[in-house]
Every structure is written in structure tokens, then in C-alpha cells.
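**Student:** Before I ask anything, here is the structure I am working with.
Bear in mind these aren't lab numbers, they're just calculated from the coordinates by the rules spelled out. Everything numeric in this text was worked out from a predicted model, so none of it was measured. Here the Cβ positions follow ideal geometry from the backbone for every residue, glycine too, while neighbour counts run over all protein chains shown.
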Amino acid sequence: MLTKLKGAILLATNNAGKLIELQQLLSELEGLNLLTPKDVGINLDVEEVGHTYMENARLKGEAYRDVCGLTTLADDSGLEVDALGGEPGIWSARYSNQPGASDADRRAFLLAKLAGKPRPWTARFVAWVVVAEPGEDVLFWEGECWGEIIPEERGENGFGYDPIFFFPDLGKTMAELSDEEKNRISHRGNAVRGALPALKDIYQK
Ligand code: ITT
């Protein structure tokens, strides 16, 4: 159901793939102006020094909120592979042995670590979404989805580890899903759907 809302929310991410997904997931809040860091002229590189997704999501949400003075939504997320004891986890964006690594480099690094380990390589994606409103306590939601890592890349959509994250029930990787299909089952989709009622409350005040 569409809800007419007035106001603006800053989507505090430098990750273009995440940004597109957040824009789609929040589009049901009709009338809400979804702003990017570029729209408000902010270029922040928040140091992710937290020990949990929750802490890092809070660091990002509060930093952007404090600079722009707008209600801000941030996401901290990652991939956890059971055979690697939950790695890369909060290090997912930095999982590599080379500076300036790309998403493809990180996927190759992960697969090299898994080589020789018995399959299936079960894994989950996790997302923590925060909403940081000026003058209010920060609100949090968590979302997850389960699948397995496969050794060959499949699909062109999405970003990050999507081409090697496989859903056995669907017979597809995350990168073989359309944006809508991914959002319906993804960790980020699940977390953002949790946040929608609170966002409606905030903007209907
Ligand atoms: P921001 O902090 O600016 O939002 P980031 O990419 O650095 O961007 P994170 O610190 O939360 O964000 O790192 C999340 C990483 O986890 C991301 O860079 C991907 O490598 C991986 N990841 C998270 N969600 C994913 C998804 O939906 N599909 C594929 N990989 C994902």
C-alpha cells in the first residue's frame, strides 16, 4: 500500500548498488524525497571502527545526520560463510590482500580461501539498517537471507558477492535475480521492510 509522506531522508551510502536497492525499497513511501550524499553535497568516508554491523551502521548514520541535519538511513551489511568461521562478516567490503581491490577481486579472494573445503559452502547475508533522526535515539533493524557460495560466477545483476551467492531452492544466484526479486528476499529488503512502519510514523508526525 502506498503512503503519501512529506519530507526528505538521506540515504547514507557510497555504495552505488546499495543505493539503488534502498531507493527501490523505500519507493513505497510515496512523496518522501530520497536524497543521496551527492544531492546534499556531502562526501564522507566514515571510518568503520565498530566491532559489529550495528555499531558500524550507527557510526555511518550518526555521522551523516550530524553533518546534514536530516533524518538519515544507513546500512551496514556483510556476507558470513560458515566454512570460514563467519568471514568476511563486517570486513566484507575490505576482504582482500591488495589495496584498491574490486568486487571481483574480493570474490576471487573468498573463493581462494574456500578452495579444498568440503561443499556445500553455506552462507548468509546480513544487513543492519539504522534510522538516525536529529535529536532522537537511533533506531535499528536487522535482516538476513541464507544460501551457499558456489565456485563459478553466475549472473550480471546486483553487486559485491551476488554472482557467487546461490539459492538452492531457486536454482539461481543473487546476481541472476531481477532487482525486484532480490529485494523481495534479500537481507537488505528484510531489514528495510522492518523499518517502513517507523519511517511512516516519523514522517506523519
Ligand atoms: P557504505 O558503507 O558506503 O554503505 P560499503 O560497501 O562500504 O558502502 P559496508 O561497509 O556495509 O558497505 O560493506 C558491505 C559489503 O558487503 C559490500 O561492500 C559487499 O561486498 C557486501 N555486501 C553487502 N550486501 C551485499 C549484497 O546485497 N550483495 C552482494 N554483496 C553485498
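**Student:** Total Lys pairs in the chain closer than 26 Å by alpha-carbon, pairs eight or more apart in sequence or interchain only?
**Tutor:** Qualifying lysine pairs in the chain: 26.
**Student:** Whole number please: convex hull volume per residue, Cα atoms of region 78-205, in Å³.
**Tutor:** 123 Å³
**Student:** Counting only helical runs of four or more DSSP H residues, what would the 222 nm mean residue ellipticity of the chain come to if each run contributes -39,500 (n - 2.57) and the total is spread over all its residues? Please report the intermediate quantities before stating the final value.
**Tutor:** Numbers: 5 runs with 64 residues, N = 205.
Value at 222 nm, helices only, nearest 500: -10000 deg cm²/dmol.
**Student:** Related question: How far is helix 53-68 tilted, in degrees, relative to the longest principal axis of the Cα atoms in the chain, given as a value from 0 to 90 rounded to the nearest 10?
**Tutor:** Orientation of helix 53-68: about 40 degrees from the principal axis.
**Student:** Taking the mean number of other Cβ atoms within 10 Å as a proxy for protection, how do you rank 110-119, 169-178 from highest to lowest? Before the final figure, lay out the partial values.
**Tutor:** Details: 110-119: 12.4, 169-178: 16.5.
Sorting 110-119, 169-178 by mean packing, highest first, produces 169-178, 110-119.
**Student:** Can you tell me the orientation of helix 103-114 relative to the chain, as the angle in degrees between its alpha-carbon axis and the longest Cα principal axis, to the nearest 10?
**Tutor:** For helix 103-114, the angle is close to 50 degrees.
**Student:** Listed highest first by mean packing, meaning other Cβ atoms within 10 Å per residue, what order do 199-205, 148-154 come in? Please list the in-between numbers first.
**Tutor:** Details: 199-205: 14.1, 148-154: 15.7.
Going from most to least packed, we get 148-154, 199-205.
**Student:** How large is the dipole of the chain about the Cα centre if only Lys and Arg carry +1 and Asp and Glu carry -1, each at its Cβ, rounded to the nearest 20 debye? Before the final figure, lay out the partial values.
**Tutor:** On the way: 22 positive and 33 negative charges, 28 e Å.
Computed charge dipole of the chain: roughly 140 debye.
**Student:** Take every DSSP beta bridge with both residues inside the chain and express the antiparallel ones as a percent of the total, to the nearest 5. If you can, show how the numbers build up before the last one.
**Tutor:** Working: 26 of 32 bridges.
Roughly 80 percent of the beta bridges in the chain run antiparallel, per DSSP.
**Student:** Given the options G100, P120, H187, identify the residue whose Cα lies farthest towards the positive end of the charge dipole of region 57-205 (+1 on Cβ of Lys, Arg; -1 on Cβ of Asp, Glu).
**Tutor:** Of G100, P120, H187, it is P120.
**Student:** Using the crude model of +1 on Lys and Arg Cβ and -1 on Asp and Glu Cβ, and no other charge, please compute the dipole size for region 10-77 relative to its Cα centre, in debye to 20. It would help to have the intermediate numbers written out before the result.
**Tutor:** Values: 5 positive and 12 negative charges, 24 e Å.
Here the size comes out at about 120 debye.
**Student:** With +1 on each Lys and Arg Cβ and -1 on each Asp and Glu Cβ, and nothing else charged, work out how big the dipole of region 47-155 is about its Cα centre, in Debye to the nearest 20. The partial results should precede the final answer.
**Tutor:** On the way: 11 positive and 20 negative charges, 115 e Å.
Here region 47-155 has a charge dipole of around 560 debye.
**Student:** While we're here: May I ask you to derive the relative contact order of region 46-144, considering only C-alpha pairs under 8 Å and at least 6 residues apart, and to give it as an integer percent?
**Tutor:** The value is 33 percent.
**Student:** Once both axes come from the Cα atoms, what is the angle between helix 16-26 and the longest principal axis of the chain, in degrees from 0 to 90, rounded to 10?
**Tutor:** Roughly 50 degrees, rounded to the nearest 10.
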